[in-house]
1. Got a sec? Which of 449, 440 is part of a helix (DSSP H, G or I) and more than 19 Å from the chain's Cα centre (by Cα)?
2. Just for strands (runs of 3 or more DSSP E) wholly inside region 255-354: which have at least 1 residues that are at pLDDT 95 or above, crowded, with 20+ Cβ neighbours inside 10 Å and in contact with a His (Cβ under 9 Å, 6 or more places away or on another chain)?
3. Tell me, please, whether a residue that is charged (D, E, K, R) and under 21 Å from residue 468 (Cβ atoms) can be found in region 13-27.
4. Please list, ordered by first then second residue, the pairs with beta carbon atoms under 7 Å, 6 or more apart or interchain, first in region 373-388 and at positive phi, second away from ligand 1 (no atom under 13 Å from the Cβ) and hydrophobic (A, V, I, L, M, F, W, C).
5. What do you reckon, is residue 159 under 30 Å from residue 302 (Cβ atoms), in contact with a His (Cβ under 9 Å, 6 or more places away or on another chain) and surrounded by fewer than 23 Cβ atoms within 10 Å (Cβ to Cβ)?
6. Please state which of the following conditions residue 86 fails to meet, knowing it meets all the rest: (1) surrounded by fewer than 16 Cβ atoms within 10 Å (Cβ to Cβ); (2) farther than 30 Å from residue 348 by Cβ.
Amino acid sequence: MIANVGDLRAKLRAVLGAEGLLTEAADVAPYLTDHRRLYQGAAFAVARPLDVSEVSRVLALCDAHRVAVVPHGGNTSYCGGATPDETGDQLVVAMSRMKRIRGVDVANDSLIAEAGCTLAQVQAAAARAERLFPLSLGSEGSCQLGGNLSTNAGGTNVMRYGMARDLVLGLEVVLADGRVLDVLSALRKDNTGYDVKSLFLGAEGTLGVITAASVKLFPMVRARATAFVAVAGVGAAVALLTRMRGASSDRVSSFELIPRAALELTLRHIAGTTDPLGTAYPWYVLCELSGSGFTDALDALLEESLAAALAEGAILDATIAASGREREALWKIRACIPEAQRREGAGVKHDIALPVGKLAEFMQRAGPWVATHVPEGILIAYGHVGDGNLHFNISAKDAQAGAALLARMESVRRAIHDLVNEFGGSFSAEHGIGQLKVGELERYTSPVELSVMRAVKQALDPNNIMNPGKVLR
Ligand code: 2HG
Ligand code: ZN
């Protein structure tokens, strides 16, 4: 319990002004529940700073009072990373008012944006300068750049452009004690000691608050060719990936795996979706080539490669989007799988990564395991096969099955993650740790690596005020 909460609120209000501090229950409420409704927290206030100096003064105050701070972006975390605990003793620091694009440098192919910019806002700023900011996620209209970087977000373009971490040139971060770490470099080459900024990418606000970032831009994508391809299995999908990368001089920018069960869920729950191929096949791939040239040339390349693959029996069927509308319809099927799964009812999610070459063997082990040990569930394993990331999710067959599935969620999760570990994979490919996977991090991370993480945490946040209980405990 905070000793004199009224006093602390008054000090915070003096820094933030009336508009910058929310204390009424109704105003604070939206910040207390995570996107998936897994957690319900409490907070004595929500700070909404306008600039880096306000963040700095808020953190200095909180550090002096030993009050915990929970950085909060667009609240789209899958792991409860931005939700406070239940004590009511924590301060949520919402970044949404820090949403300025500080500058675009076309010659340097970079821009500087504040943490509270939505991802869509950053993409739009790049597009206005005829450049591309390639990070792309389902939640891009509401997730914020600070959250994307703090969780090292992934999405559908990772195989070409990398994760959020790979897109960062520099950062501005407020440390736990309020000091401002200005490493907001625009340099692509800078070998001057430790890469300090990288500590905060993926730290989920446990080491400091990212307030702004200098990020890389790329040539605008002007041409896209998109195909929906039926394949016999995950092995065939991976073989097709290798073939398409080779045939296109590595122009494959997205390569998403979709099982029949996921397509059926989407057709059932999402209005306006149709089966692109008519006939039912066991697995599909959404494959997109992109470049800055002409769509016709990419379409021809895609058609030629797929025709050869079909003739050899390497794929079962395929259709190529003939217009922007058709392309959007194909992407809608993929993008709506999480929503279709949510509408279907209870489920368990596993955000796993494996070396791409091991995906097929993993599925040969994990698929039958689910069929035998989780009879009440349907496996919906889909996702970013191009970079080895599968959303190995299980949906309950019906409401009654949902209760059974949820009752043994922990043991299912343990078995799947143990198998992933055996294959040299990761139990968190792109969704982070938050509060959901702290136990997993302890289980699957070596003692040496964990001790390095703890040493960093201790050095940068000795009073443990930064998002305590997330990532480490
Ligand atoms: C996606 O790829 C997201 O659509 C969500 O990462 C995955 O809901 C999921 O499990
Ligand atoms: Zn994903």
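1. Details: 440 fails: more than 19 Å from the chain's Cα centre (by Cα).
Only one candidate passes the filter, namely 449.
2. Values: elements: 283-291, 317-320, 351-353.
Counting at least 1 such residues, we get 351-353.
3. Among the residues of region 13-27, not one is charged (D, E, K, R) and under 21 Å from residue 468 (Cβ atoms), which makes the answer no.
4. Hits for this filter: 388/354; 388/356; 388/359.
5. On the way: under 30 Å from residue 302 (Cβ atoms): yes; in contact with a His (Cβ under 9 Å, 6 or more places away or on another chain): yes; surrounded by fewer than 23 Cβ atoms within 10 Å (Cβ to Cβ): yes.
Against the criterion (under 30 Å from residue 302 (Cβ atoms), in contact with a His (Cβ under 9 Å, 6 or more places away or on another chain) and surrounded by fewer than 23 Cβ atoms within 10 Å (Cβ to Cβ)), residue 159 qualifies.
6. (2)
Residue by residue, here is whether (1) modelled with pLDDT under 95; (2) crowded, with 16+ Cβ neighbours inside 10 Å; (3) within 25 Å of residue 203 (Cα to Cα) holds:
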position: 365; (1), (2), (3): no, no, no
position: 396; (1), (2), (3): no, yes, no
position: 403; (1), (2), (3): yes, no, no
position: 430; (1), (2), (3): no, yes, yes
position: 442; (1), (2), (3): no, no, yes
position: 447; (1), (2), (3): no, no, yes
position: 465; (1), (2), (3): no, yes, yes
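Okay, residues lined up against (1) within 16 Å of ligand 1 (Cβ to nearest atom); (2) closer than 30 Å to residue 410 by Cβ; (3) without any contact (Cβ under 8 Å) to a residue 60 or more places away in the chain:
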position: 288; (1), (2), (3): yes, no, no
position: 298; (1), (2), (3): no, no, no
position: 307; (1), (2), (3): no, no, yes
position: 316; (1), (2), (3): no, no, no
position: 324; (1), (2), (3): no, no, yes
position: 343; (1), (2), (3): yes, yes, no
position: 350; (1), (2), (3): yes, yes, no
position: 362; (1), (2), (3): no, yes, no
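The values are calculated or read from the model by the stated rules, or taken from the named source; none is laboratory data. Worth saying up front: this structure is predicted, and the values here are computed from it rather than measured. Neighbour counts run over all protein chains shown; Cβ positions are idealised from the backbone, glycine included.
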